[in-house]
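Note sheet for the following structure.
The values are calculated or read from the model by the stated rules, or taken from the named source; none is laboratory data. The shown structure was predicted, so the numbers you read here are calculated from the model rather than taken from an experiment. Because the Cβ atoms are built from the backbone with ideal geometry, glycine has one as well, and the counts that use them run over all protein chains shown.
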Amino acid sequence: MFNHNKMIPKKLEDIIKKVHAENEIPTCIDNLNQTSLLTDEIGFDSFNLAQLTVEVEEEFGIDIFEKMIPKNIEDIVKQLK
Amino acid sequence: MKFWIELDFEVTYQKLVGDINKEFVSTSSPGYNYFANLLKSLLRGYKVKSFDGLVYYLKNNADNLNFIIKTSGTTAAPKSIEVNLKNCIREVKYTKSNVNKVWGMGYPFGSYASTQVFFQALFNHDSIVYISGIKFSALGGVLHQNKITNLSCTPTFLSMMTIQLKKKYPSIKKITTGGEILTPNLINICKEHYPFAGFVNIYATTEVGSLLYSKNEVFKIPDKYRSQVKIKDSQIWVHKSLISQNKGIENSWFNTNDQVQFVNDEEFKIIGRTKGYLKTGGFRVSPKEIEEKISVIMGVTNVHVYGKKNSLLGTIICADIIGENLSKDLIKKNLYSMGLDKYKIPQIIRIVKQFEHLINGKKQLII
């Protein structure tokens, strides 16, 4: 289902881009990769991260903040596997 | 009869530190010590000459000394609330240590929680660094540079800050949280970055002040409050002797509307608010207020705002909306243009065809 190299699962990438677009966050995320930092680079604040948590949970059935505080996309991808 | 201190904290801080933008409140400031001594005198009921910028109406009965602070409240406009000084500082702890603490204040400036921390620091001659307005990515440096020993913030703030940290911060000895549910998971994660920190989780309300303390998410009523705090119908009730106002008192008791769930005979978790309020990221939100705002947007015919459990914010605000020619963007833009605070804008918005009303009155979503 996932490409296990440093690619971001397509569905996850779509969710991140959706939350980013809906909240009109003024950062460029054209070159997202697994090391992209959720707050510093992508620009998510706590409310954006909460929305991301819900969207990811609805798609993958996993609460990404339940067991850890994800700092970058890789921290989310690890939990999806 | 009540007596008032007209206390504008912004003015007060300006007087104390000289510059509101300066983060560090120095204990060496003459104004700082003057203010501490002034408040102590007030509580003893002495008459004290007015401090420049502050207006005092003094009488000898310090029990009835009140002040007003402005909070975000449940509407978009800041709400002035009446606080009894004695209640506000009732739980101030005096420490015998000669080492002064440095508080990292993560609560918004002028909020009730920040006011309580201010008094705690003031009465112990500790210092405060205001970190609530600083970018999370810069906070690691601020913690280190100022050798912060005590953090005071909501669990959401703590999570957001900790996301950014790459090092350990051994200087932090205590983390005080409140306003939201503190999960065991967050405590465990924090132990990695603040290895020597103990946790204090506080249950406080604007009307009562700080009331219950815990090292985790489970509280119990302390012996000293056995006759003044009770759980009735799974809600926390407080006796009027602990309240500074008469509003909302029923037969000598005040209902906080905070709902609890018992984990054993004595201990309980606070699971949320009843009476139509949601808590998100430490903010209290009225779904009804948001529904009213959304309902006036052109094209909206019906709306249901509700909370959904969220591991980061405690509760996330969701809105299901029925109408024509609507989009999430349109709704959000309209809400922003109405001046609604960001925390009141639903993070999850769904445009739906209809709601289904159940027997218990709750609405169920049909997409």
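Restricting attention to segment B:315-339, the residues being touching a residue at least 24 places away in the same chain (Cβ under 8 Å) and farther than 28 Å from B:GLU180 by Cα number 8.
Among the residues of this structure, B:SER132 counts as one that is more than 12 Å from every other protein chain (Cβ to nearest Cβ) and surrounded by fewer than 17 Cβ atoms within 10 Å (Cβ to Cβ).
A quick yes/no check of all residues on (1) modelled with pLDDT under 85; (2) of a type in the set (D, E, K, R); (3) touching a helix residue (DSSP H, G or I) at 6+ places or on another chain (Cβ under 9 Å):
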residue	(1), (2), (3)
B:SER241	no, no, no
B:SER244	yes, no, yes
B:ILE249	no, no, yes
B:GLY281	yes, no, yes
B:SER286	yes, no, yes
B:LYS293	no, yes, yes
B:ILE297	no, no, yes
B:SER337	no, no, no
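Checked against (1) farther than 27 Å from B:THR205 by Cβ; (2) more than 14 Å from chain A (Cβ to nearest Cβ); (3) of a type in the set (Lys, Arg), B:LYS293 meets all criteria but (1).
Set side by side, the residues B:THR183, B:THR162, B:THR177, B:THR154 differ, and just one is buried (at least 22 other Cβ atoms within 10 Å of the Cβ), within 14 Å of chain A (Cβ to nearest Cβ) and touching a residue at least 24 places away in the same chain (Cβ under 8 Å), which is B:THR154.
Among the residues of segment B:217-250, those identified as part of a loop (DSSP other than H, G, I, E, B) and surrounded by 14 or more Cβ atoms within 10 Å (Cβ to Cβ) are B:GLU217, B:LYS220, B:ILE221, B:GLN228, B:ILE243, B:SER244, B:GLN245.
Check segment B:345-363 and report whether any residue there is part of a loop (DSSP other than H, G, I, E, B), at pLDDT below 85 and either in contact with a Cys (Cβ under 6 Å, 6 or more places away or on another chain) or under 27 Å from B:GLY179 (Cβ atoms) (or both). Walk me through how you get there before you give the answer.
Of the residues in segment B:345-363, the ones part of a loop (DSSP other than H, G, I, E, B) are B:345-347, B:352-353, B:358-362.
The next check asks that each one be at pLDDT below 85; those that pass are B:353, B:358-362.
Applying the additional criterion that residues be either in contact with a Cys (Cβ under 6 Å, 6 or more places away or on another chain) or under 27 Å from B:GLY179 (Cβ atoms) (or both) yields B:362.
Yes, because at least one residue in segment B:345-363 is part of a loop (DSSP other than H, G, I, E, B), at pLDDT below 85 and either in contact with a Cys (Cβ under 6 Å, 6 or more places away or on another chain) or under 27 Å from B:GLY179 (Cβ atoms) (or both).
Checking the conditions here, which among A:LEU52, A:LEU12, A:LEU38 is in contact with a Phe, Trp or Tyr (Cβ under 9 Å, 6 or more places away or on another chain) and under 18 Å from B:ILE317 (Cα atoms)?
A:LEU52
If you take the residues of segment B:111-127 that are aliphatic (A, V, I, L, M) and under 18 Å from B:GLY179 (Cβ atoms), which of them is nearest to the chain's Cα centre (by Cα)? It would help to see each step written out before you state the result.
Of the residues in segment B:111-127, the ones aliphatic (A, V, I, L, M) are B:113, B:117, B:121-122.
If we keep only those that are under 18 Å from B:GLY179 (Cβ atoms) as well, we get B:113, B:117.
Details: B:ALA113: 5, B:VAL117: 11 Å.
Restricting to residues being aliphatic (A, V, I, L, M) and under 18 Å from B:GLY179 (Cβ atoms), the top hit is B:ALA113.
Could you list all residues from segment B:341-352 that are more than 9 Å from chain A (Cβ to nearest Cβ) and under 20 Å from A:ALA21 (Cβ atoms)?
Selection gives B:PRO346, B:ARG350, B:ILE351.
Look at A:ASN72 and say whether it is closer than 27 Å to B:LYS328 by Cα, within 13 Å of another protein chain (Cβ to nearest Cβ), under 9 Å from the mean Cα position of the chain (by Cα) and surrounded by fewer than 21 Cβ atoms within 10 Å (Cβ to Cβ). Criteria met by A:ASN72. Annotation note: of A:LYS11, A:LYS18, A:LYS67, the sole residue that is among the basic types (Lys, Arg), in a helix (DSSP H, G or I) and within 12 Å of chain B (Cβ to nearest Cβ) is A:LYS18. Filtering segment A:31-63 to residues that are more than 8 Å from chain B (Cβ to nearest Cβ), hydrophobic (A, V, I, L, M, F, W, C) and assigned to a loop (DSSP other than H, G, I, E, B) leaves A:LEU32, A:ILE42, A:PHE44, A:ILE62. B:VAL229 satisfies every condition listed in (1) at positive phi; (2) in contact with a His (Cβ under 8 Å, 6 or more places away or on another chain) except (1).
Number of residues in segment B:138-151 that are surrounded by fewer than 23 Cβ atoms within 10 Å (Cβ to Cβ), closer than 23 Å to B:GLY282 by Cα and either of a type in the set (Phe, Trp, Tyr) or more than 21 Å from the chain's Cα centre (by Cα) (or both) equals 3. The condition (being more than 14 Å from chain A (Cβ to nearest Cβ), under 22 Å from B:THR154 (Cβ atoms), crowded, with 20+ Cβ neighbours inside 10 Å and not charged (D, E, K, R)) is satisfied by just one residue among B:ILE321, B:ILE316, B:ILE270: B:ILE270.
With B:SER97, B:SER114 as the choices, which residue is touching a Pro at 6+ places or on another chain (Cβ under 9 Å) and either at pLDDT below 80 or not polar (S, T, N, Q) (or both)?
Numbers: B:SER97 fails: touching a Pro at 6+ places or on another chain (Cβ under 9 Å).
Checking each option against the conditions leaves just B:SER114.
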